[in-house]
1. For a quick check of your reading of the model, give me the residue pairs whose first member lies in segment A:276-305 and is over 13 Å from A:Leu256 (Cβ atoms), whose second is at pLDDT 90 or above and outside any helix (DSSP H, G or I), with beta-carbon atoms closer than 8 Å and at least 6 apart or on different chains.
2. Select, from C:Ala282, C:Ala198, C:Ala260, C:Ala176, the only residue that is away from chain B (no Cβ under 14 Å), out of contact with any strand residue (DSSP E or B) (no Cβ under 6 Å at 6 or more places or on another chain) and modelled with pLDDT of 90 or more.
3. Criterion first (in contact (Cβ under 8 Å) with a residue 12 or more places away in the chain, under 25 Å from A:Pro54 (Cα atoms) and open to solvent by less than 20 Å² (accessible area, probe 1.4 Å)) does C:Val250 satisfy it?
4. Examine segment A:28-47 for a residue that is in a helix (DSSP H, G or I) and in contact with an Asp or Glu (Cβ under 9 Å, 6 or more places away or on another chain), and state whether such a residue exists.
5. Filter segment C:97-128 down to residues that are small (Gly, Ala, Ser) and within 14 Å of chain A (Cβ to nearest Cβ), then give me how many there are.
6. Evaluate segment C:94-111: report whether one residue or more is more than 30 Å from A:Lys183 (Cα to Cα), assigned to a helix (DSSP H, G or I) and open to solvent by 40 Å² or more (accessible area, probe 1.4 Å).
Amino acid sequence: MRPGILLAVAVVALVLLPFGADRGMLFLASEILVVVALSQAWNLLAGYGGLLSPGHHGFVGIGGYALYVLTRDLPVHPYMAIPLAGIVTAVLGFLLAPILFRLREVYFAVGMWVAAEIFRIVVMRWDYTGGAAGLPLAAARSLNREWMGASAYWLALAVALGATALVWALMRSNFGLRLRALKDDELAARSIGVAPHRVRLAVFVLSVALTGMAGAVSFLSALFITPVAAFDINWMVTIVFVTIIGGIGRISGPFLGAALYFVLRETLAFSSSWYLVALGATAVLVMLVMPGGLAGALDRLLSRKSTMETQP
Amino acid sequence: MLEIRGLDAFYGDFQALFGVDLSLQPGQTLALIGANGAGKSSFLHAICGMTQARGSVRLGDTDLAALPAVGRAAAGVALSPEGRRMFLSLSVRENLLMGANVRRRGPWTLDRVTGLFPILGEFADRPAGLLSGGQQQMVAIGRALMANPALLLLDEVSLGLAPVVAQEVHAALAMLRDQSEMITIMVEQDVNRAIAAGDRFLCLLEGRAALTGPCAGADLDAIGRAYFGEDDT
Amino acid sequence: MIWFETLFSGLTLGGLYALFGLGLSLIFGVMKIANIAHGELVIAGAFLAFAVVDLLPVPLWLLLPLVTMGMFAVGYALQSALVNRVLGDDPLPPLLLTFGISIVAQNLLVEIFGADNRALDPGWLATARIGPVWFPVGLLPLGTLILTVVLFGVLHLGIGHTRWGRIVRATSDDPALVGLFGVKRRRVFAVVMGVSAALAALAGVLLAMRSSVTPFSGVERLLIAFEVIVIGGLGSIWASLLGGLALGLVHVISFRLDPASGLLYGHILLLVILLIRPEGLAGRKVTR
């Protein structure tokens, strides 16, 4: 079967999943898709853009809170509020960029992390966002209870596939070419007319917008949001883990990484710390023996097979 | 003595040297010449263990090829690298002392090196990065001498130096000659100067030995042809 | 009077912060990598101390060197077994590798010691005071600050004025060249990681005498360590001391004025520094 047909079948199956899955399975599937979307967004920035952000959990939280605050104060349906949450995080990212983009490498990373911490503390202390107690989803009445799980799933699917399609299209565009040139050799890229600042800014804003949308989707079905859950550093841990194991800078990486992540989590669910030990050890192992992650290993396997086929 | 047989050198998949042979007696200086990219630096790197190599390299009783770079340094190989490569956060004195790190016995001490290059004594406490190119070249040579090497490798002795400074460096190197059992391999852009400074010469062309012989009475026309790879006809 | 006390406790807290930052800055300076597991090394030091005093009641003067040596060995082993294998031009692999190590370390500590709060009882030191009657200061915080300054001094001398320090600086300058001078760079890196882990562990023990810790306390310590080296600036170990003291003062003063602020004003200080003086308070200008 051609890969295109295979892909189409997989997408149709994913779309139809709510008609054949129970509530628990659907919830897990939504969670997986949110993680895929988050990792895809982070991978866009780190794997393709070369900017390592340890502060994306701040944008997960901002996206979630944007959903809760927008639907409370404005006559917006929660589903409509999800793209709006993306816009809110994009604007925030755009405003932060002038500070963060003066920084490179470790400095950028520290700046991102600190920005996320500031988001959390501000949300925690601000009455407008409900303070440390958090906020209920005021617009919960307008949601259809029966279809709630399925809708949350479809939204997660849309964001995950949307993020993937976006990365795929970007990397095939002129913009992707410039991004790669910049990551490989900034000096050389400048000399052929790539404006580093603008390219990085665009990637950064896209990445945080996707992150915000995924965050909003993630907190939709919870019907309640708290600063501790929204700005949890474990978002970051999960994202980094999934991206490393899947293969940093590869579009299939987040899918493969998320698959392994959830397999490990569900099979080792009896102990939250042993499963994290296993995750960490897997990450270490991947960096030592296959830095390209699962996607890299798969590529090698497939190319070896195809060279064997072409050789008589 | 130094005995090299069939030396190949590689940078990843790229082969830079093809089966070079060389034999030098204690106290001899080899002038290594050749055009840019002929493999001069690769030859030195292959000897001191900075790049992948194949073939036999024996220094006295020691089989260098079997040793990693660290072991070759201990066995008495010292390099003054192309571009001088100062340790920038170290002072001049500290750079020189790095040479003595292998703790080999011999005549070279801080005092003797600053005797050879008095300016280094004067600037001993300055950061090496603040020195001029010529002074840095002296530090690089002095640093290599501090190891009391049995085999001294000098890459691009006068590249980028003002003629007067290059002269000064070569005058110091001439003082080293005939004084010791040390074997020296010197890479020098200026062929005339190289021939004048050496006992034997080896001309490389595209990674292969094109011509070799004693420096005394060397046929400069033949060297020129070997250098540019023109046919003898 | 109250401001004297605030100033004093800001300086002692800052000394501890500086010690968090020192080891991280050492690793970054020599190997050009960010050690994400640094916070866990701090906390591992504290838990190693708990384990030792649980087994046998050793006095503090013996506990500190025991933990320091133990964690030196851990750092040395980590570097030679794992981190050395991924060092290269790309800074990402070591960073992600140490991230994995941090997750493993954190959760192993949970499995072994449980997730509860623990603290180290400093005994009579907890209440001992010293100084004039009108301004008695705690012996423990004062001792911590003095120990910190002494450690900075020792490291300064060690790096700047010994053969070992010369080798470390040369390796940092040109790791590809030092082999020709008989230096095994992987061994140098391992020793440096050992020293960094030992400093982190010492900071961890001092932290555990001051407040309680859990296996999850490492993340916040890592953030503080990063803030210390960014505020102070890279390129000199004294910059870390300055960064630590500045951050400690800001935290203590802001706690006095606005008790619910947590680390907020420290974060704001960091952003302000990044904006107006990106090379840090005492750092060298980096052109990139």
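The values are calculated or read from the model by the stated rules, or taken from the named source; none is laboratory data. As the structure is a prediction and not an experimental result, all values here were calculated from the model. Cβ atoms come from the backbone with ideal geometry, glycine included; neighbour counts cover every protein chain shown. Side chains are part of the model used for accessible areas, which takes the heavy atoms of the whole protein and leaves out ligands, DNA and RNA. Shrake-Rupley method; radii C 1.70, N 1.55, O 1.52, S 1.80 Å.
1. So the pair list comes out as A:Val284/C:Leu82; A:Leu288/C:Leu82.
2. Just one listed residue meets the conditions, C:Ala198.
3. no
4. yes
5. Of the residues in segment C:97-128, 5 are small (Gly, Ala, Ser) and within 14 Å of chain A (Cβ to nearest Cβ).
6. Yes: segment C:94-111 contains one or more residues that are more than 30 Å from A:Lys183 (Cα to Cα), assigned to a helix (DSSP H, G or I) and open to solvent by 40 Å² or more (accessible area, probe 1.4 Å).
Residue-by-condition table, conditions (1) open to solvent by 50 Å² or more (accessible area, probe 1.4 Å); (2) of a type in the set (Gly, Ala, Ser); (3) outside any helix (DSSP H, G or I); (4) not assigned by TED's automatic domain parsing to the domain that holds A:Leu170:
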site: A:Ile244; (1), (2), (3), (4): no, no, no, yes
site: A:Gly249; (1), (2), (3), (4): no, yes, yes, yes
site: A:Ala269; (1), (2), (3), (4): yes, yes, yes, yes
site: A:Leu298; (1), (2), (3), (4): yes, no, no, yes
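Residue by residue, here is whether (1) within 15 Å of A:Met213 (Cα to Cα); (2) at pLDDT 90 or above holds:
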{"residue": "A:Val60", "(1), (2)": "yes, yes"}
{"residue": "A:Leu70", "(1), (2)": "yes, yes"}
{"residue": "A:Met80", "(1), (2)": "yes, no"}
{"residue": "A:Leu84", "(1), (2)": "yes, yes"}
{"residue": "A:Val91", "(1), (2)": "yes, yes"}
{"residue": "A:Leu95", "(1), (2)": "no, yes"}
